[in-house]
Every structure is written in C-alpha cells, then in structure tokens.
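Here is the structure we will look at, set down as structure tokens.
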C-alpha cells in the first residue's frame, strides 16, 4: 500500500508539473552536484557500532554518532515556473554515502566496523522565488523518497588471524522531507548557475539483510553457513518459541531499526531553459 500511495503521488505531481502547455516557456532542467554533512545523527546498538578499548584492568567505551545521509550526491531535475514567483520541480539524485567507522581494540587485536550507503532519491518540491533578474533568490520545500542499500563491514584481526564479514541491507523505501535556500545567477537567456544550502530529514528501515562475504584468513565460509546464519528478515514484531525454534532453513528475524539519513549540505549546478 505504501508503494502504491507513493506511485500515485508521483504520477499526480508529474501531471501537474508538465501537462499545462500554457506555461511551456517556464520549463527548465537542472544538473547538479553537492555534498551533505551528517545531521540528526544516531547511535546504532544493533551493529554494536561504538568505539571500545580493552586494557588489563579496564574497558573504555565511546559512542559513535552515525549519519548515512552524509556524502557526495549527483543528480538533475525538471521544473516549471507557473509564474515569476511560484514553480514546481521533480528531482532525481544518487547518494554515494561516506563511511562511518568504529573500532574495538582488545589485547590481541582490533575489530573495525564500517557502515555506508548508496541510495537513489526522488525529490518533488515546491519552488518560491523572488522573481528578480540577474541574481534571483529562491526557497524550495518538498519530500524525499529513496531506494537503496546499506553496507556493513566487520573485520577482526586477532593476532594475525583475519575474520571478515560483509552484509548488505535493503528492501523498502526511505521517506523524509527536505528544504533548501539558494539563488540562481543568470549567464544568458537560456542558462544560469545556481548554488544552494540543502537540508534533508529522512530515515530508512531496511526489510532484509544478507551476508555477501564471509572469510577467515582468506577462506570462503559462505558455503558452510545456513540460511538463518546468512540472512535476516527485519520485522515490526516477532515471537520466539523456545520449544519450537525457527528452522535453520529460514532467515533470522530481527526487529526493524530506522537508520538516520539526515544531512545539511551544499549543491551547485547549471540550469537550462527548455
């Protein structure tokens, strides 16, 4: 149902964006690139994602703040100005997420944890501009709908013995809101440069996870693992029956966890009048 509602919204938005030929002279296209810095970070207990140092007589733990929304994004958009002050835009971008890292240091070795993400994002927005020639300030408000994956890497180096596990989490949609302020700078009648500050507030709860690589000192361990050991199904609730445990031929069940994709960043690009 969620996917159907999102699809219907996008269809209606596209119709309102492009169906009315009376505003054809206000249609434009954007190409942009930018970088987002982590915002609305979160601590992730499911992954044991924190720094830990073990000594002879003590242990020191330190929280690590995670944002999977930070990183490089590239994309484009089609838009239409209904008049000199109000318009609408449908953007598509691809997030190449930066790495989040944590470390567990113990007496004989080190465990390194890494989390990162890639995501395709659709962004319908309402545009409000000052309608000024030359340098034209604007504000943009909209929703963000994402589909992507989260990559988790676990690497344990125990006195030279290396245990490596890579997991991919995906399935479901990420939903959120965004806002931006910026300005366009006219280069000629058909082309302008723009720069903006962009804020995204979004979370994502994957529906499934799968171990894609598991090696010990370079030897592949995946063939010997059961489905329960390799795969996870993330659910809203589940019941574990001690007398009748889940079979090894089915994915392990874990509670869903919303992962943080908030960011505050900058975008730069070129706008072409169509």
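A few comments on the model shown:
- Residue match in the stretch 189-201 (condition: assigned to a strand (DSSP E or B), surrounded by 12 or more Cβ atoms within 10 Å (Cβ to Cβ) and either without any contact (Cβ under 8 Å) to a residue 60 or more places away in the chain or touching a helix residue (DSSP H, G or I) at 6+ places or on another chain (Cβ under 8 Å) (or both)): no
- Any hit, the stretch 129-148, residues being within 16 Å of residue 29 (Cα to Cα), surrounded by fewer than 18 Cβ atoms within 10 Å (Cβ to Cβ) and modelled with pLDDT of 95 or more: no
- Condition met for residue 107 (over 28 Å from residue 268 (Cα atoms) and touching a strand residue (DSSP E or B) at 6+ places or on another chain (Cβ under 9 Å)): yes
- From 122, 111, residue being touching a helix residue (DSSP H, G or I) at 6+ places or on another chain (Cβ under 8 Å), more than 21 Å from residue 38 (Cβ to Cβ), touching a residue at least 24 places away in the same chain (Cβ under 8 Å) and in a strand (DSSP E or B): 122
- Checking each residue of the stretch 149-166 against the condition of being over 30 Å from residue 220 (Cα atoms), exposed (fewer than 15 other Cβ atoms within 10 Å of the Cβ) and modelled with pLDDT of 90 or more gives no match.
- Among the residues making up the stretch 213-234, those that are surrounded by 13 or more Cβ atoms within 10 Å (Cβ to Cβ) and in a strand (DSSP E or B) are 213, 214, 215, 216, 231, 232, 233, 234.
- Taking every residue in the stretch 233-256 that is on the phi < 0 side of the Ramachandran plot and without any contact (Cβ under 8 Å) to a residue 24 or more places away in the chain and pairing it with any residue that is surrounded by 10 or more Cβ atoms within 10 Å (Cβ to Cβ) and in a loop (DSSP other than H, G, I, E, B), at least 6 positions away or on another chain, the pairs with Cβ-Cβ distances below 8 Å are 235/256; 236/256; 240/246; 248/226; 249/226; 253/238; 253/246; 255/238.
The values are calculated or read from the model by the stated rules, or taken from the named source; none is laboratory data. Keep in mind that what you see is a predicted model, and the values were worked out from it rather than measured. Don't worry about glycine lacking a Cβ; one is built from the backbone with ideal geometry, like all the others, and counts go over all protein chains shown.
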